[in-house]
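Here is the structure we will look at, set down as structure tokens.
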Amino acid sequence: MNWDGWLPLLIVLSSLSVGLVIFFLPEERVATRTTLNLTGAVLKLVLVGVIIWGVVHRHHYETRLPLLPGLDLVLRADAESVLFVTLSSGLWLVTTVYAIGYLEGSPHRSRFFGFFSLCVAATVGVALAGNLITFLLFYELLTLATYPLIVHRGTDAAHQAGRAYLTYTIAGGALLLVGTVWLYGIAGSLEFSYRGFVAELADGHRAALIAIFALLIAGLAVKAALVPFHSWLPQAMVAPAPVSALLHAVAVVKAGAFGIVRVVYDVYGIEFAAGLGVTLPLATVAAVTIIYGSMRALFQDDLKRRLAFSTVSQVSYIVLGIALTGPIATIGGLVHLVHQGVMKITLFFCAGNLAETLGIHKVSEMNGVGRRMPWTMAAFTIGAFGMIGAPPLAGFISKWYLGLGALDAGQGWVIFILAGSSLLNAGYFLPILYAAWFKAPPDTWPAERSFGRRETAWALLAPPVVTALLTLALGLLASAPFSPLQWARSITTLEYAP
Amino acid sequence: MAAIPWGVMAILLPLAGAMACFLSPRRASPLGLITALGVVACAAGLGWQVAEQGAQRYAIGGWGAPLGIDLYADGLSLLMLMVTAVVGLGISVYSSGYFNREKAVNFWPLWMFLWSALNALFLSADIFNLYVTLELLGLAAVALVALAGGADALTGAMRYLLVSLLGSLAYLLGVALLYHSFGCLDIALLAERMEPSPAVMAAMGLMSAGLLLKTALFPLHFWLPPAHASAPAPVSALLSALVVKASFYILLRLWLDVFPVTAAGLGQLLGLLGAAAVLWGGLQALRQTRLKMLIAYSTVAQLGYLFLAFPLGSNVAWQGALYLLLSHALAKAAMFMAAGNILCFGGHDRIADLDRVAQRLPLSLAAFGLAGVSIMGLPPSGGFIAKWLLLEAAMRSGQWWWVIILILGGLLAAAYVFKVIGYAFTQAVMTHEARAVPATMEWAALVLALVAILLGLVAPWPLALMEIGLPFGGEAAG
Amino acid sequence: MGAFYHDPGIRAVNDVLSVILLLSVPGLPLLLAFPALRSRLSWPCHIALLPAVVLLAVPEVVSIEVPWLLLGTGLGIDAASRWLLAMSVVLWAAAATLLHAPTGQPADDCLTTCFLLTLVGSLGAILATDQVGFFAFSTLMGYGFYGLLVAGGDEAPRRAGRVYLGILILADLALFEALLIAAETIEDLGFEAVRHAVARSPSPGLYLSMVLVGYALKAGVWPLHFWLPLAFRSARPAVALLLGGVPIAIGLLGMVRWAPVGEINFPDIGLIIQGLGLAAMLYAVLAGLERAQLKLLPAYAAILATGLFAIALGTGLADPAAWNRYGDLAHVFIVSLGFGLAGLATAIRWLEARYHCPAMLARQADGSNPWFERWPGAVVRWAARMGFDTLPRLRASWLAEVGRLRQVRAWKRMLDGSERFLQRWTFAITLFLLLGMVVVAFVGASSWIG
Amino acid sequence: MSHVFLYALVGTGLFTLGLYALIVHTHLLRKILAINVMGSGVFLVLVALAARARGAAPDPVPHAMVITGIVVAVSATALALALMVRVRAETGRAELSEERPE
């Protein structure tokens, strides 16, 4: 039997089935649930490893099931999907460990982990989708799977955040749906392919194609939190920390950004899109988002809110890299897809640790916390410097390629955006680090829990440390084979006509 | 195997079941369940038969078309029959737990009777037979609504009865005019002999109006929410899922076969009313404070979608509408059942106080949520496929304004579904206490909802079935 | 036969050794920067310097390429950087001793970690053979030094740290831009190659100005020197000792290595820089007299020296031939500046500790600054008033407006009212009649027309 | 104009009259009667239209239809009357309330 045709489906099912089983587990079966979760995560990682190996060796992995006459449900492993699927399944493992530690002893864990697994299944589906309708399917599934996680705590604030999330994402999904149907009506096909498939329709459908582009991007921009569709993201930070990690790094925001990658490169084709004149407005929106998000982050006292606005800003780097027409900027955008995820997940893990261990939720409460929780804050520091773009961390590599790409594409103004954003990033991260490391700690923390000799539970501590080291490694070893940078490079050679 | 008249059996079996239940009230429930299984088997047999041999025609008593009564099964009627079988089985399982003995005695015969009428309606090949089955259906449905007792239910049932009779009479008058003009009742013969004349127009007006009234198209939906909301849960489920669809089915048949006049203006009118229903029903559902009323208004909105196919008129549009009909039948039945569980457990269905109850019934809430996904038209669900087909048809025909309606309707649906779902997530800790709701009731709802979701993944099969006998005319698929 | 076999073998061993040695110069202190890894060691800061000492002892030019590191970087040592490395080792060893010695207690974890990270940065920057590596290490050095300034201190060092941090960020931005321009011009980012390529590119001016501004900020060259006096005034002795040899020296080194001096002829810019250098020297003399604070003396000496350096650099820009002839002296200058400032700072601290001269501090006791140190604060305040404050306020008022609109319940009443109207029996049935008639009319119309 | 047509017209008139009564009257008994009148009107039309050509034997099919219809109408009326009695017992009035149940 040839497994190549089923492997992508198996990857999706590896977490989907785990999720479905967990739903029906009684609350007390902690060990079973933990085993299931970890098994699912590791299994998925192994399968992803197989796929990476196969893609490198030019295997063709494609699952194709009929969905409608003329439209198939396609799951396919190509260069881009491998990039995203590796990111999300790798970070999922880390997040699962973290979530197990984080939610220890809290109610409704079966529900939580069930939806958690569904959420990742949907993300992997988004990553592996081989055409626009499959993408849409998993994209909406992601919306549905995430909502219960956001309102998990059941407080009024959580409900409000959930409502905001739904309002934005369902409306966005509707726009995406309209765009997809319209495109299908014109093109008669929705298959992703390198350098796009709509270019031959250019005669006579120019205006329609521009409108469809706007619809698709608007639908995706909601999840990618581009201004003015971003305001659900800071609200959603009321969710538990693993969910924030999922929202900001692994799944939701990334799905939006990845969708934009797909639309620009594999539906329209970057060169055709540039010819239509739609990339410059997109770049402008991204630039505005970068600056706006950073400015808002500057004034937040709530730590997670600050991080959320930071995400708004950082994710737009990806979009910016995509919208700048040129191979180098493409590398920057794609590599930031991975780098931002790793860095931001570190920061959210750390924020969660602070909240869980010491009850710290605000920046103003963080004085001297570096002495109390050195490992956590060290990880936070690495993440923050990565976000600022300090070499040799991961963020530097992204910024480097973005800046270089901007110069390459003749869009010098982007350099100023990057510079301004770095300045603002420093402006909202460095005071935190300063307070944490150099200010005197208070006599008592807001709500301290003791974990014996360790600063906090190991399941909470290991994930941020691992991702912080990963941040370092992604920067230091950027030129090593199989690094995200190398993947992004090879994708770029596929997306630009020789 | 091939010679067995599965279609006739699908009518006779529930009729026999009704008799049996009536004669042996103590064993009504198991008898009903067995009959339900039997009907499902009949539907499956007919499905196999139709898929293998194409459209089936039975001449009852061997008389043949102009004089005798014919039964006809093509893809359209087969699908209706099958969805009725699936939902019917679900409702039967659910009801076996829902009714106490006293109510069950009345429920089972009526329900079996209604099922028989439904199957007969979907298989009828002539317009007078359709009238008779429509009336039988209406009477059984009214009696079932009244089963709940209480002022609300009785008034609702009375109103429903009057409306139903009025609609049927209007339809019958139309039948008379058609018979006068062409001297036959068989749909296929009528289609052959059809030519426009004032009498035909009057007939079309009367029949359409009567059927629209029974289908509760906006603004004629006034009777639906009170009747559906006040009936017992399984009855609400079957009314919303199946009974309103029966009159729509007749309208569809007439529209497709008997009146092939290209009445573009009328199509647009129906589309407009459908659009108004989508928006109005959605808004009203959003405004409701009681769960069952919310679901009932949601039915009003969803019925509106069905009429959006009329102005589009293409093969894809009909497929979309029919697919919506299927998935809505399943999803809405699941929703009403879930609401019934909540009502049963908590003793009320005020949305604002749902949290405590919703916490304890995770399966019912899951059923509601999954059904809601289909109602909203989010993937992967039957509702999504239907919406996709309708959207595609609208885009293809260049009538983009229906796209806006479809999208707005979906957003409104999301708003009212999540208004309910949100209550599942509260800080209250789940406690383990004895449940008043039997597991069968929870699982029946969940399974139906799952089937509605599953419809989104197996779309090619139902769509291929629909094509059997070319109910939508000879236009190529896609 | 033996020699034939032996020769490449020795070379291979040599290569491996040099890789290990060069990588361990920044690598060992980096590892020791983790508190857990050094908790059992005594004198970790000194141990961290050992690989550098060994490297100094190797008498040949060693360099390695590390293609997998960062964007592909390299490390190496040549004659010029050997001097710098020697200077650094001496200064760091002295500082490490000071860090422990005066009180006899080991410094706290945070301070030691910052110390070691700064050490990594400064040694790495000296050894880096390409711009990206240099940039990475010098950034690490900068942030580490910020930590050194601030750690364990009170308000005064914190203020110095804040200013330094701001300067650092701006400098890194400018240098990042310069780096991008360089990378846009040429693939290979080795110093020599970039200098060569940029000089031949169409617009070397932007690159040059970015480099000069960036490193002038980092080295505290007048008029971008705000942080220097603050740092000298507040830093602890060990840190004050390092100021000349670490941030200033690395800054000047960066300028020498990055700027295409000697490759390019820019008389105008050269003249301007010479003028600025002259002004810096003047300023240093005047301010040094004006603010007769002993502690600040090294700061003004540094400004004086960097002014001198600027004059030399300006000359180099105006007259490439001269720079090519005497340019190597720049390294000598940097080394002596490092030693000189360290000596001066230590001497003054020693004097202060020995004699306590409060009178010498009297004139600036109020702590107020001359105008040129006040304007950044003013800019920040002005910007806050202009934009950042009004944004949230606008949003708040907009939200209030939306909230008011939500209060209007007219449309809700309308919805309820019309539904009740629709549900009235008579009205509903009349609608039914109407519908029937309309249907007839429509069918009639369309069949007659069509 | 034949007498057949006259019958048909009368039937239509009865239908309309019944519809009018159904709308106007509030008492349920009157509504039920109105429905019955409407039904009679329809049956009249059916029977009248059964006479296809003058002198020829009338078409049997409409008669069969009318008989079926009468059976249906009788049972419907019985159900309606029973319901009306129950409504009256529950609400005290034999009328449809115009207010929405809340």
- Message: I'm trying to understand the selection: among the residues of the range A:46-84, which are among the hydroxyl-bearing types (Ser, Thr, Tyr) and either assigned to a strand (DSSP E or B) or within 22 Å of the chain's Cα centre (by Cα) (or both)?
- Response: A:THR63, A:SER81
- Query: Does B:ASN106 meet the test of being without any contact (Cβ under 8 Å) to a residue 24 or more places away in the chain and polar (S, T, N, Q)?
  - Reply: no
- Message: Criterion first (under 10 Å from the mean Cα position of the chain (by Cα), among the hydroxyl-bearing types (Ser, Thr, Tyr) and closer than 25 Å to B:SER164 by Cβ) does D:SER40 satisfy it?
- Response: yes
- Query: Within the range B:110-152, how many residues turn out to be farther than 21 Å from B:ALA176 by Cα, modelled with pLDDT of 90 or more and at the interface with chain D (Cβ under 10 Å from one of its Cβ atoms)?
  - Reply: 6
- Task: Go through (1) under 22 Å from A:THR467 (Cβ atoms); (2) away from chain B (no Cβ under 12 Å); (3) not charged (D, E, K, R) one by one and return the number of the condition A:LEU142 breaks.
- Result: (2)
- Select, from B:VAL278, B:VAL244, the only residue that is more than 14 Å from chain C (Cβ to nearest Cβ), closer than 23 Å to C:LEU433 by Cβ and in a helix (DSSP H, G or I). B:VAL244
- Can you confirm whether the range B:57-79 contains a residue that is assigned to a helix (DSSP H, G or I), of a type in the set (A, V, I, L, M) and more than 30 Å from B:TYR179 (Cβ to Cβ)? no
- Query: Would it be correct to say that B:LEU330 is within 13 Å of chain A (Cβ to nearest Cβ), under 24 Å from A:LEU142 (Cα atoms), assigned to a helix (DSSP H, G or I) and out of contact with any Phe, Trp or Tyr (no Cβ under 6 Å at 6 or more places or on another chain)?
  - Reply: no
- Task: Return the total of residues in the range B:451-461 being within 11 Å of chain A (Cβ to nearest Cβ) and in a helix (DSSP H, G or I).
- Result: 3
- Taking the range A:371-380 and the residues there that are surrounded by 23 or more Cβ atoms within 10 Å (Cβ to Cβ) and not aliphatic (A, V, I, L, M), the one that is farthest from the chain's Cα centre (by Cα) would be A:THR376
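Suppose we filter the range B:378-403 for residues that are within 9 Å of chain A (Cβ to nearest Cβ), part of a loop (DSSP other than H, G, I, E, B) and in contact with a helix residue (DSSP H, G or I) (Cβ under 6 Å, 6 or more places away or on another chain); how many remain?
Initially, the range B:378-403 is screened for residues within 9 Å of chain A (Cβ to nearest Cβ), giving B:378-380, B:384-385, B:387-389, B:391-392, B:394-396, B:400, B:403.
If we keep only those that are part of a loop (DSSP other than H, G, I, E, B) too, we end up with B:378-380, B:400.
The next check asks that each one be in contact with a helix residue (DSSP H, G or I) (Cβ under 6 Å, 6 or more places away or on another chain); those that pass are B:378-380.
Number of matching residues: 3.
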- Of all residues in the range B:366-377, which are in contact with a Gly (Cβ under 7 Å, 6 or more places away or on another chain) and within 8 Å of chain A (Cβ to nearest Cβ)? B:MET376
- Message: Tell me the residue from B:LEU161, B:LEU144, B:LEU185 that is under 24 Å from C:LEU433 (Cβ atoms) and crowded, with 24+ Cβ neighbours inside 10 Å, please.
- Response: B:LEU161
- Any chance the range A:349-359 includes a residue that's under 23 Å from C:THR139 (Cβ atoms) and surrounded by 24 or more Cβ atoms within 10 Å (Cβ to Cβ)? yes
- Query: Within the range B:198-236, restricting attention to residues that are among the small types (Gly, Ala, Ser) and surrounded by fewer than 24 Cβ atoms within 10 Å (Cβ to Cβ), which residue is nearest to the other protein chains (Cβ to nearest Cβ)?
  - Reply: B:ALA202
- Residue in the range A:407-417 that is farthest from A:ALA473 (Cα to Cα), counting only those that are part of a helix (DSSP H, G or I) and more than 8 Å from every other protein chain (Cβ to nearest Cβ): A:TRP413
- Query: In the range A:382-404, which residue that is small (Gly, Ala, Ser) and more than 18 Å from C:TYR207 (Cβ to Cβ) is nearest to the other protein chains (Cβ to nearest Cβ)?
  - Reply: A:ALA390
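Residues being assigned to a helix (DSSP H, G or I) and buried (at least 23 other Cβ atoms within 10 Å of the Cβ): count how many of those fall in the range B:259-270.
So the count comes out to 2.
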- Query: Has the range A:229-245 got any residue that is in contact with a helix residue (DSSP H, G or I) (Cβ under 7 Å, 6 or more places away or on another chain), in a helix (DSSP H, G or I), of a type in the set (Gly, Ala, Ser) and surrounded by fewer than 20 Cβ atoms within 10 Å (Cβ to Cβ)?
  - Reply: no
- (1) within 14 Å of another protein chain (Cβ to nearest Cβ); (2) out of contact with any Asp or Glu (no Cβ under 9 Å at 6 or more places or on another chain); (3) among the aliphatic types (A, V, I, L, M) all hold for C:MET210 apart from (2)
- Task: Would you check if there is a residue in the range C:232-250 being free of Cβ contacts under 8 Å to residues at least 40 places away in the same chain and either over 29 Å from C:THR112 (Cα atoms) or in a helix (DSSP H, G or I) (or both)?
- Result: no
- Note on the structure: Scanning the range B:332-357 residue by residue, those farther than 12 Å from B:ILE295 by Cα and of a type outside the set (D, E, K, R) turn out to be B:ASN341, B:ILE342, B:LEU343, B:CYS344, B:PHE345, B:GLY346, B:GLY347, B:HIS348, B:ALA352, B:LEU354, B:VAL357
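Quick grid of which residues meet (1) closer than 14 Å to C:ALA216 by Cβ; (2) of a type outside the set (A, V, I, L, M); (3) in the same structural domain as C:LEU228 (by TED's automatic domain parsing):
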| site | (1), (2), (3) |
| --- | --- |
| C:ILE264 | no, no, yes |
| C:LEU278 | no, no, yes |
| C:MET281 | no, no, yes |
| C:LYS295 | no, yes, yes |
| C:PRO298 | no, yes, yes |
| C:LEU304 | no, no, yes |
| C:GLY314 | yes, yes, yes |
| C:ALA330 | no, no, yes |
- Query: A:LYS362: basic (Lys, Arg), more than 14 Å from chain C (Cβ to nearest Cβ) and surrounded by 24 or more Cβ atoms within 10 Å (Cβ to Cβ), yes or no?
  - Reply: no
- From the option list A:VAL267, A:VAL288, A:VAL250, single residue qualifying as modelled with pLDDT of 90 or more and crowded, with 24+ Cβ neighbours inside 10 Å is A:VAL267
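Conditions (1) within 30 Å of A:VAL335 (Cα to Cα); (2) under 23 Å from the mean Cα position of the chain (by Cα); (3) part of a helix (DSSP H, G or I); (4) within 11 Å of chain C (Cβ to nearest Cβ), marked per residue:
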| position | (1), (2), (3), (4) |
| --- | --- |
| A:ILE432 | yes, no, yes, no |
| A:ASP443 | no, no, no, no |
| A:SER450 | no, no, no, no |
| A:PRO464 | yes, yes, yes, no |
| A:LEU470 | yes, yes, yes, no |
| A:SER479 | yes, yes, no, yes |
- Item | Tabulated pairs, the range B:341-360, first without any contact (Cβ under 8 Å) to a residue 24 or more places away in the chain and among the aliphatic types (A, V, I, L, M), second surrounded by 23 or more Cβ atoms within 10 Å (Cβ to Cβ) and part of a helix (DSSP H, G or I), C-beta under 8 angstrom, 6+ apart or interchain | B:VAL357/B:ILE342
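The values are calculated or read from the model by the stated rules, or taken from the named source; none is laboratory data. Nothing here was measured: the structure is a model prediction, and the numbers come from that model. FYI the Cβ positions are ideal-geometry reconstructions off the backbone, even for glycines, and counts take in every protein chain you see.
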